[in-house]
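The structure appears right after this line, and notes come after that.
The values are calculated or read from the model by the stated rules, or taken from the named source; none is laboratory data. Source: prediction; values computed, not measured. Cβ atoms come from the backbone with ideal geometry, glycine included; neighbour counts cover every protein chain shown.
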Number of protein chains: 2
Amino acid sequence: MYAELKGAPAAHVLLERPWLPLCISGCQLLAKTWFGDTAYHILLTDMQCVWEERMDAAAIQSRAQELNRRLRAPVKAFFSHLCEVARPCLSGGDAQPGDEAKISLMRQEDGNISMRLKSELAGLPFYWEFHCTLCSNSLTVCSQLVRPLLLMSRLLQRQVGQLGGFLLRKDAEIQDYRENGATLSRERLQTEVFEERTHREDFIGKVRGQPHTHTHTHTHTHTHSLSLS
Amino acid sequence: MYAELKGAPAAHVLLERPWLPLCISGCQLLAKTWFGDTAYHILLTDMQCVWEERMDAAAIQSRAQELNRRLRAPVKAFFSHLCEVARPCLSGGDAQPGDEAKISLMRQEDGNISMRLKSELAGLPFYWEFHCTLCSNSLTVCSQLVRPLLLMSRLLQRQVGQLGGFLLRKDAEIQDYRENGATLSRERLQTEVFEERTHREDFIGKVRGQPHTHTHTHTHTHTHSLSLS
């Protein structure tokens, strides 16, 4: 895919970038961005959809010309200005670009997203538009969202198991003190025995209680498969 | 989308189905399926890609005719046979269809998946092919995978917090016994004090240690945003 775009990054570049929260025109999104020399790649998501735009030097040159009729600068010059102005707004939070610049976001009827940027370059107004279209590649969504979330869930699940194990050992220690006649100076410090099974069942109940999104894991002979029901 | 297909389910029907592990021709996948009266919808994933096929009565009739030249039955009749044979193989595990039936799976060069089914209907061989194409709708991937995984992660994270709280209370109880002079009958029962912060840092280290998939959560002013880096 990336090979189509001259100067575009290898597929793993965006994988190494963090998803950062973004708030433009009251719209809450997560964004991943890569700005190269004269190319960029943007991914946006609201966890309902994923949008993206990939632009190379030629496409950037042509859009810049279209939006800025009087622009005479080479692509490298105005692209470095674009990066300087756009990066802060796409790097998390509700940071606004510099004093002279404004960014706004519009969700279009066709489901796409456009972000308009207005700034100033060499005393003239400079316009830019990001056209992020609905991502049609399940490979991108899987690698950028599904797989990291799956890994996250597995690590958290392992952590739950580990903490459960710690609790069982604490209970064994407490039981030993009690059996040797130890008493507490303050009764309110007494804890209930941790029942791993009850706790797990309670958790599964909570997961299933969420309409349309209940999730449970499920060990299959050959694979650690996550079964999301 | 579903409106395009006569007799197809509302969008939420597959959301309520579980992802079930599937093993056909040595290929490990997760599958979600819905079989209606004369329509079906299949989703497959290997967590790298998502594939799907949606078929209505007309499409089923036409493919059945194409694959079974001598077939003269109405669509309802052979569709109920197809369900009976196909359902067990698509419902998890490496279950094979009935005695007379065989299913095989092929990953094609264009990235799509075809599953071929051969069975017997009224004494004649009956062929069927599922043509699952790469899902081009990020909305489907998000609703069927990303959002359930996100919910799962959040619930697990809450659980980790809860278990951490239990451990702190156990330590307070243990400390009280110790301060009152209690001793253990077996030294090996003694546990280390649970350090929530150290444990969390250790966990984050593990998450970050996974190349291309390190994930960390991140609280933003207005949203519980998950930031996957």
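Looking at (1) of a type in the set (Lys, Arg); (2) free of Cβ contacts under 8 Å to residues at least 12 places away in the same chain; (3) at the interface with chain B (Cβ under 7 Å from one of its Cβ atoms), which is the one condition that is false for residue A:158?
(3)
Going through segment B:92-140 one residue at a time, which ones are at pLDDT below 85 and surrounded by 14 or more Cβ atoms within 10 Å (Cβ to Cβ)?
B:92, B:94, B:95, B:97, B:101
Identify, from the list A:137, A:180, the residue that is of a type in the set (S, T, N, Q), within 9 Å of chain B (Cβ to nearest Cβ), farther than 22 Å from residue B:195 by Cβ and within 18 Å of the chain's Cα centre (by Cα). First the steps, then the outcome.
Numbers: A:180 fails: within 18 Å of the chain's Cα centre (by Cα).
Answer to the selection: A:137.
Please list, ordered by first then second residue, the pairs with beta carbon atoms under 6 Å, 6 or more apart or interchain, first in segment A:122-145 and closer than 26 Å to residue B:141 by Cβ, second surrounded by fewer than 21 Cβ atoms within 10 Å (Cβ to Cβ) and hydroxyl-bearing (Ser, Thr, Tyr).
Short answer, once both residue conditions are applied: A:131/A:114; A:136/B:136.
Name the residue, out of A:150, A:167, that is facing chain B (nearest Cβ under 7 Å) and touching a residue at least 40 places away in the same chain (Cβ under 8 Å). Give the derivation first.
On the way: A:167 fails: touching a residue at least 40 places away in the same chain (Cβ under 8 Å).
The unique qualifying residue is A:150.
Mind checking which strands (runs of 3 or more DSSP E) fall wholly inside segment B:11-57 and carry at least 2 residues that are over 11 Å from the mean Cα position of the chain (by Cα) and charged (D, E, K, R)? Step through it out loud before you land on a result.
Numbers: elements: B:20-24, B:27-35, B:40-45, B:50-55.
Once the strands (runs of 3 or more DSSP E) in segment B:11-57 are filtered for at least 2 residues that are over 11 Å from the mean Cα position of the chain (by Cα) and charged (D, E, K, R), what remains is B:50-55.
Considering A:78, A:35, which residue is among the aromatic types (Phe, Trp, Tyr), at pLDDT below 95 and farther than 30 Å from residue A:152 by Cα? Reasoning before the result, please.
Details: A:35 fails: farther than 30 Å from residue A:152 by Cα.
Going through A:78, A:35 in turn, the sole match is A:78.
May I ask you to list the residues in segment A:161-177 that are within 41 Å of the chain's Cα centre (by Cα) and aliphatic (A, V, I, L, M)?
If the condition is that a residue be within 41 Å of the chain's Cα centre (by Cα) and aliphatic (A, V, I, L, M), then A:163, A:167, A:168 are the ones that fit.
Hey, can you tell me all the residues within segment B:183-194 that are more than 8 Å from every other protein chain (Cβ to nearest Cβ) and either in contact (Cβ under 8 Å) with a residue 40 or more places away in the chain or part of a helix (DSSP H, G or I) (or both)?
Those that are more than 8 Å from every other protein chain (Cβ to nearest Cβ) and either in contact (Cβ under 8 Å) with a residue 40 or more places away in the chain or part of a helix (DSSP H, G or I) (or both): B:187, B:188.
Mind counting the residues in segment A:48-67 that are crowded, with 21+ Cβ neighbours inside 10 Å and in contact with a Lys or Arg (Cβ under 8 Å, 6 or more places away or on another chain)?
So the count comes out to 1.
Could you identify the single residue in B:21, B:9 that is under 27 Å from residue A:207 (Cβ atoms), at pLDDT below 95 and crowded, with 21+ Cβ neighbours inside 10 Å? Working first, answer last.
Numbers: B:9 fails: crowded, with 21+ Cβ neighbours inside 10 Å.
Of the residues listed, the single one that is under 27 Å from residue A:207 (Cβ atoms), at pLDDT below 95 and crowded, with 21+ Cβ neighbours inside 10 Å is B:21.
Going by what's in this entry, would residue B:144 be described as assigned to a helix (DSSP H, G or I) and either more than 7 Å from every other protein chain (Cβ to nearest Cβ) or of a type in the set (Gly, Ala, Ser) (or both)?
yes
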